[in-house]
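Q: Dropping the structure in here first, questions after.
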Amino acid sequence: MDNLLETHAVSKKFGNFTALNEVSISVPKGSVFGLLGPNGAGKTTLIRIINQITMPDTGKVILDGEPLKNHHIQDIGYLPEERGLYKSMKVGEQAMYLARLKGLSKAEAKERLQYWFDRLEIHGWWNKKIQELSKGMAQKVQFVVTVLHNPKLLIFDEPFSGFDPINANLIKDEILRLKENGSTVIFSTHRMESVEELCDHIALIHKSNKILDGPLTEIKRTFKSNIYEVGIKSQNDVVLEQELASKFELSKANFKTLGEELKLNVKLNADESANDLLRYLTSRGEVSHFVELIPSANDIFIQAVKNTKI
Amino acid sequence: MNHLPLIIQREYLNKVRNKSFIVMTILSPIIMIILVAFVAYLSQLNNNKERTIVVLDESGFLEDAFQSTDNTTYKFIDDLSLDEAKRDTEANGDYGLLYIEDVDDFNELGEHIKFFSTDSPSLMLMSDLENNIQKELSEMKLIEEGIDIDKIKESKLRVNIAQESFVGEKTSKIDSIAKLFFGCAAGYLLFMFIIIYGNMIMRSVIEEKTNRIIEVIISSVKPTQLMLGKIIGTSLAGITQFLIWLILGGVLVSIVSAIFGVDVLQTQPVDQEAMRQAMENTNSPEFQSIVIAINNLPIGNLVVAFLLFFLGGYLLYSSLYAAIGAAVDSETDTQQFLLPILMPLILAVYIGVFTVIEDPHGTVSTIFSFIPLTSPVVMLMRIPFGVPIWQQLLSFGLLVATFLFAVWFASKIYRVGILMYGKKPSYKELIKWIRY
């Protein structure tokens, strides 16, 4: 698969502190790439290196087949976590300034801003000062400025912080639409539910090292535990549970159904298939619930961090 | 991609359109001129106050010593006792009573004079009185010794030493005053400019940090470019403000002097007489010598050196101000870093004012006109007195080298500092940042 961005063994030290230790990631073209990790893991440093705000000590960054150069600034749209706008400047003027810093001409910038302001229904804000807007409103302006120059690569650092659910959804839809239009998105966050919804690929950074990466589905497969949630109605729940316990590893289930049935988490042994379990269950009662327990990004995150001893 | 013009444009417009900037631009000269005019007006009032001094001369030696003037009237009494005279003087509300005891020998008179007044008398008045008495007594002494006073008066000849350099340039005392004026004006202008607009640059860097916009901006432009854009944009705004002040000041001076009837520009007593004569008669020697003095100044050198040193010095300091702005989070944290910048600046002005006036080519002023942080101010003050070209070039070379170093240093601090939040850095940390 074609990669838009690759980093090869990128390291960065601040004095004695190692912020990144030989981190290599590959971001496929047209994907939404989740860059995950606990606070202080080095995500922001990596993003800043990609944006050429800081230079790596060793290692290199390849964008679209070329080593990272000055002119690539125009190919990247970056929404930092620490974000803000000039408070005393008018929205329109400010957006024009930032767009022109990204290399757009005056006319181009104006035209695209009109389009985006219409699209996000913020047209009336053009002559307002930032300090008159609420935080969420300012974030919308910031989002527009980030995507305005149609960059190949979009980098969002915690894009949803400061948005209410409605606007967060709006932005999420816009991100997905941008992806469909061919942009590649790098997405750094702690909010795992948005990772599930958006990301195709993820990389997990922990204590300056990359500890996990790949397509999200594949990672989930390696992390799956062969546990199935089971809901079943039988004549005698106690007997059934004892029978099951002798064959499988059981644990308490935590899901909701409408009826009053026996709820269990059943872990299959390596040589058994889901069909075997299902066949056995149907012979003993009426199965109302049978779901494979897929590890959530959250689980993977926590487990991977826990398993890594660095 | 070169975004410098764009950044300069934004910084400039943002400054110039700022409300407090506009208010300051318009109000400052008005306030200044009203203040100066007010002070001038008050001191005139004070001078015009009339006062009467009662003189009780029991000795009879000093009857001719006191001539009444516009402000001071001397009233002689001789038929009262001291106590009565004191009572009368106080009752009449006169300023004071000068009492001269009755002595036979005027040689001893000096020790037998007293002055009585309600409040302690002004220093000026007392020295006036003492001078008058001393003059009178001296003359009496001379007469006693049999010396013709008229001859002494005739023997006082006017001396005016003509100054000329070895290469034949004629100079004069007025010349030196003109040089001093131009030198000090240039040095002081630079000092003010650095303080006002350096601070403005620093604040605008801090503003970007506190607004958290900095990361958005530097994902588009290089920090060094942003810093230079800020410095240049703010400076242009500063020059605009200065020009407006100059024009507005000129207009206001003429308006105010018309209203108050005070010539604000001539509050200084030194050249007042010469100026007035010069106004009345352009052929007077004083006016000519002023014109000559100004013509004598190395105008070409002065203008070029002014532009270069002003620019060099200003840019050097403003890059340091920008670095400070980048290193801290809020203006209250700037104090510890501002001090080392302000020290050499203030030192430069002091050295300029005290040593350059004393001896423009002395060791102290020469040395400090080479040290980069003080050289712009000190050199600007020295140049009107004629500084060898090699010295100017050397000093300017050092200044440029230091400026380049300062920009490098500042941009290092800037790169790292603008992304650091929260903690106030120490000097040690700043040194560490340079190596990042």
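The values are calculated or read from the model by the stated rules, or taken from the named source; none is laboratory data. Fair warning: this is a prediction, and the values are worked out from it, not measured in the lab. Reconstructed Cβ throughout: ideal geometry from the backbone, glycine too, with neighbour counts over all protein chains shown.
Q: Run A:N21 past the list (1) away from chain B (no Cβ under 14 Å); (2) among the polar types (S, T, N, Q); (3) closer than 20 Å to A:F187 by Cβ and report the number of the one that doesn't hold.
A: Unmet condition: (3).
Q: Here is a further query. Quick check on my filter: what residues within the stretch A:76-95 are within 9 Å of chain B (Cβ to nearest Cβ) and part of a strand (DSSP E or B)?
A: Within the stretch A:76-95, A:I76, A:G77, A:Y78, A:L79 qualify.
Q: State all residues of the stretch A:226-258 that are in contact with a strand residue (DSSP E or B) (Cβ under 8 Å, 6 or more places away or on another chain) and more than 26 Å from A:S296 (Cβ to Cβ); if no residue qualifies, say none.
A: A:K233, A:S234, A:D237, A:L240, A:E241 - these are the residues of the stretch A:226-258 that are in contact with a strand residue (DSSP E or B) (Cβ under 8 Å, 6 or more places away or on another chain) and more than 26 Å from A:S296 (Cβ to Cβ).
Q: Then there's this: Kindly list the number of the only condition in (1) under 30 Å from B:G249 (Cβ atoms); (2) without any contact (Cβ under 8 Å) to a residue 12 or more places away in the chain; (3) within 14 Å of another protein chain (Cβ to nearest Cβ) that fails for B:F38.
A: (3)
Q: Here is a further query. All but one of (1) charged (D, E, K, R); (2) crowded, with 20+ Cβ neighbours inside 10 Å; (3) under 31 Å from the mean Cα position of the chain (by Cα) hold for B:D333, so report the exception by its number.
A: Among (1) charged (D, E, K, R); (2) crowded, with 20+ Cβ neighbours inside 10 Å; (3) under 31 Å from the mean Cα position of the chain (by Cα), B:D333 violates only (2).
Q: Out of (1) in a helix (DSSP H, G or I); (2) more than 14 Å from chain B (Cβ to nearest Cβ); (3) surrounded by fewer than 17 Cβ atoms within 10 Å (Cβ to Cβ), what's the single condition that is false for A:Q131?
A: (2)
Q: In this structure, is B:I247 surrounded by fewer than 23 Cβ atoms within 10 Å (Cβ to Cβ) and within 14 Å of another protein chain (Cβ to nearest Cβ)? Walk me through how you get there before you give the answer.
A: Details: surrounded by fewer than 23 Cβ atoms within 10 Å (Cβ to Cβ): yes; within 14 Å of another protein chain (Cβ to nearest Cβ): no.
Here the answer is no, as B:I247 does not meet what is asked.
Q: To continue, here is another question. Going by what's in this entry, would A:K135 be described as more than 23 Å from the chain's Cα centre (by Cα) and modelled with pLDDT under 90? Break it down into steps so the answer makes sense when it comes.
A: Working: more than 23 Å from the chain's Cα centre (by Cα): no; modelled with pLDDT under 90: yes.
Considered against the rule, which asks whether it is more than 23 Å from the chain's Cα centre (by Cα) and modelled with pLDDT under 90, A:K135 comes out as no.
Q: Taking the residues in the stretch A:39-63 that are surrounded by fewer than 16 Cβ atoms within 10 Å (Cβ to Cβ) and of a type outside the set (K, R) as candidates, determine which candidate is farthest from A:V23 (Cα to Cα).
A: Our first condition is that a residue be surrounded by fewer than 16 Cβ atoms within 10 Å (Cβ to Cβ); within the stretch A:39-63, this holds for A:39-40, A:55, A:57-58, A:60, A:62.
From what's left, of a type outside the set (K, R): A:39-40, A:55, A:57-58, A:62.
Numbers: A:N39: 17, A:G40: 15, A:M55: 14, A:D57: 12, A:T58: 10, A:I62: 13 Å.
Restricting to residues being surrounded by fewer than 16 Cβ atoms within 10 Å (Cβ to Cβ) and of a type outside the set (K, R), the top hit is A:N39.
Q: Further question on the same structure: Taking only the stretch B:209-260 into account, find how many residues are of a type in the set (G, A, S), over 19 Å from B:A406 (Cα atoms) and in contact (Cβ under 8 Å) with a residue 12 or more places away in the chain. Explain how you work it out, then say what you get.
A: Taking the stretch B:209-260 first, the residues of a type in the set (G, A, S) are B:219-220, B:229, B:233, B:235, B:237-238, B:249-250, B:254, B:257-258.
Now drop any that are not over 19 Å from B:A406 (Cα atoms), which leaves B:219-220, B:237-238, B:249-250, B:254, B:257-258.
Narrowing the set further to residues that are in contact (Cβ under 8 Å) with a residue 12 or more places away in the chain leaves B:220, B:237-238, B:249, B:257.
Selection size over the stretch B:209-260: 5.
Q: Let me ask something else. Please verify whether B:P372 is surrounded by 18 or more Cβ atoms within 10 Å (Cβ to Cβ), in contact (Cβ under 8 Å) with a residue 24 or more places away in the chain, away from chain A (no Cβ under 14 Å) and in contact with a Phe, Trp or Tyr (Cβ under 6 Å, 6 or more places away or on another chain), treating the condition exactly as stated.
A: Details: surrounded by 18 or more Cβ atoms within 10 Å (Cβ to Cβ): yes; in contact (Cβ under 8 Å) with a residue 24 or more places away in the chain: yes; away from chain A (no Cβ under 14 Å): yes; in contact with a Phe, Trp or Tyr (Cβ under 6 Å, 6 or more places away or on another chain): no.
Answer is no for this residue.
Every residue, every condition in (1) assigned to a helix (DSSP H, G or I); (2) at pLDDT below 75; (3) not assigned by TED's automatic domain parsing to the domain that holds B:S375, yes or no:
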residue: B:D150; (1), (2), (3): yes, no, yes
residue: B:N160; (1), (2), (3): no, yes, yes
residue: B:F166; (1), (2), (3): no, yes, yes
residue: B:F181; (1), (2), (3): yes, no, no
residue: B:A185; (1), (2), (3): yes, no, no
residue: B:Y188; (1), (2), (3): yes, no, no
residue: B:F193; (1), (2), (3): yes, no, no
residue: B:I196; (1), (2), (3): yes, no, no
residue: B:N199; (1), (2), (3): yes, no, no
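Q: Just one of B:L347, B:L311, B:L316 is assigned by TED's automatic domain parsing to the domain that holds B:A410, touching a Phe, Trp or Tyr at 6+ places or on another chain (Cβ under 7 Å) and modelled with pLDDT of 85 or more; which is it?
A: On the way: B:L347 fails: touching a Phe, Trp or Tyr at 6+ places or on another chain (Cβ under 7 Å); B:L311 fails: touching a Phe, Trp or Tyr at 6+ places or on another chain (Cβ under 7 Å).
Answer to the check: B:L316.
Q: Still on this model: Could you figure out which of (1) closer than 23 Å to B:N14 by Cβ; (2) in contact (Cβ under 8 Å) with a residue 60 or more places away in the chain; (3) surrounded by fewer than 22 Cβ atoms within 10 Å (Cβ to Cβ) isn't true of A:Q74?
A: If we test A:Q74 against (1) closer than 23 Å to B:N14 by Cβ; (2) in contact (Cβ under 8 Å) with a residue 60 or more places away in the chain; (3) surrounded by fewer than 22 Cβ atoms within 10 Å (Cβ to Cβ), just (1) comes out false.
Q: Still on this structure, please answer the following. Name the residues in the stretch A:158-182 that are assigned to a loop (DSSP other than H, G, I, E, B), surrounded by 17 or more Cβ atoms within 10 Å (Cβ to Cβ) and touching a residue at least 40 places away in the same chain (Cβ under 8 Å), would you?
A: A:E158, A:P159
Q: Which of the residues belonging to the stretch B:57-83 are charged (D, E, K, R) and either loosely packed, with under 11 Cβ neighbours inside 10 Å or farther than 19 Å from B:H112 by Cα (or both)?
A: First pass over the stretch B:57-83, keeping only residues charged (D, E, K, R): B:57-58, B:63-64, B:70, B:75, B:78-79, B:83.
Those that are charged (D, E, K, R) and either loosely packed, with under 11 Cβ neighbours inside 10 Å or farther than 19 Å from B:H112 by Cα (or both): B:D64, B:D70, B:K75, B:D79, B:D83.
Q: Would you point out which residue out of B:S43, B:S28 is out of contact with any helix residue (DSSP H, G or I) (no Cβ under 9 Å at 6 or more places or on another chain), part of a helix (DSSP H, G or I) and either of a type in the set (G, A, S) or surrounded by 11 or more Cβ atoms within 10 Å (Cβ to Cβ) (or both)? Quick ask: steps written out before the conclusion?
A: Numbers: B:S28 fails: out of contact with any helix residue (DSSP H, G or I) (no Cβ under 9 Å at 6 or more places or on another chain).
On inspection, the qualifying residue turns out to be B:S43.
Q: Follow-up question, since we're still on this one. Does the stretch A:28-38 hold any residues that are part of a strand (DSSP E or B) and buried (at least 23 other Cβ atoms within 10 Å of the Cβ), and which are they?
A: A:V32, A:F33, A:G34, A:L35, A:L36
Q: Go through the residues of the stretch A:140-149 one by one and say whether even a single one is at pLDDT below 90 and over 24 Å from A:R100 (Cβ atoms).
A: The answer is no, given that none of the residues of the stretch A:140-149 is at pLDDT below 90 and over 24 Å from A:R100 (Cβ atoms).
Q: State whether one or more residues within the stretch B:330-349 are among the charged types (D, E, K, R), more than 14 Å from chain A (Cβ to nearest Cβ) and closer than 22 Å to B:L228 by Cα.
A: From the stretch B:330-349, those among the charged types (D, E, K, R) are B:331, B:333; that's our starting set.
From what is left, the residues that are more than 14 Å from chain A (Cβ to nearest Cβ) are B:331, B:333.
Still in the running and closer than 22 Å to B:L228 by Cα: B:331.
Checked the stretch B:330-349: at least one residue is among the charged types (D, E, K, R), more than 14 Å from chain A (Cβ to nearest Cβ) and closer than 22 Å to B:L228 by Cα.
Q: Pick from the stretch A:96-118 the residues that are in contact (Cβ under 8 Å) with a residue 24 or more places away in the chain and of a type in the set (D, E, K, R): which of them is nearest to the other protein chains (Cβ to nearest Cβ)? Please lay out each step first, then the result.
A: So the first thing to find is which residues in the stretch A:96-118 are in contact (Cβ under 8 Å) with a residue 24 or more places away in the chain, and the list is A:98-99, A:102-104, A:109, A:112-113, A:116-117.
Next, only the ones that are of a type in the set (D, E, K, R) stay: A:102, A:112.
Values: A:K102: 5, A:R112: 16 Å.
Checking each candidate, the answer is A:K102.
Q: Checking A:I62 against (1) in a loop (DSSP other than H, G, I, E, B); (2) under 30 Å from A:S208 (Cβ atoms); (3) not basic (K, R), which single condition isn't satisfied?
A: Answer for A:I62: the failing condition is (1).
Q: Can you give me the number of residues within the stretch A:250-268 that are in contact with a helix residue (DSSP H, G or I) (Cβ under 9 Å, 6 or more places away or on another chain) and either free of Cβ contacts under 8 Å to residues at least 24 places away in the same chain or more than 19 Å from A:V239 (Cβ to Cβ) (or both)?
A: Going residue by residue through the stretch A:250-268, those that are in contact with a helix residue (DSSP H, G or I) (Cβ under 9 Å, 6 or more places away or on another chain) are A:250, A:261-262, A:264, A:266, A:268.
Imposing the further condition that a residue be either free of Cβ contacts under 8 Å to residues at least 24 places away in the same chain or more than 19 Å from A:V239 (Cβ to Cβ) (or both) reduces the set to A:250, A:268.
The qualifying residues number 2.
Q: Might you check whether a residue that is in contact with a helix residue (DSSP H, G or I) (Cβ under 6 Å, 6 or more places away or on another chain), within 25 Å of B:E145 (Cβ to Cβ) and either in contact (Cβ under 8 Å) with a residue 40 or more places away in the chain or of a type in the set (S, T, N, Q) (or both) occurs anywhere in the stretch B:99-121?
A: yes
Q: Condition test on A:T7, is it away from chain B (no Cβ under 11 Å) and at pLDDT 90 or above? Can you show your working first?
A: Numbers: away from chain B (no Cβ under 11 Å): yes; at pLDDT 90 or above: yes.
So A:T7 fits the description; yes.
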